[in-house]
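The next block holds one structure in the form of structure tokens; read it before the comments.
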Amino acid sequence: MSEENVNKLFKQFKNKNVTVDLRGDYQSEGKVLAIDNYLNLVLETDNGLETIKGGNIIFISINE
């Protein structure tokens, strides 16, 4: 899927530091390197790269 086809609302998260609330009361923080229309994320965290499946995401907030 090309970068142009990614939902414009999702693009606002690209290259931003975010907190992601996940199913099972888990939470992850990092910089969004990639996002697609299924809300799958690749985060750059303190421990390296983390891939998160969109179906596990409850909420994403931008850390400012």
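The values are calculated or read from the model by the stated rules, or taken from the named source; none is laboratory data. Everything numeric in this text was worked out from a predicted model, so none of it was measured. Ideal geometry is used to build each Cβ from the backbone, glycine not excepted, and the neighbour counts take in all protein chains shown.
Residues of region 18-55 being among the charged types (D, E, K, R) and touching a helix residue (DSSP H, G or I) at 6+ places or on another chain (Cβ under 9 Å), which ones?
First, the residues of region 18-55 that are among the charged types (D, E, K, R): 21, 23, 25, 29, 31, 36, 44, 46, 50, 53.
Those that are among the charged types (D, E, K, R) and touching a helix residue (DSSP H, G or I) at 6+ places or on another chain (Cβ under 9 Å): Arg23, Asp36.
Number of residues in region 35-45 that are modelled with pLDDT of 95 or more and more than 14 Å from Ile60 (Cα to Cα) equals 2.
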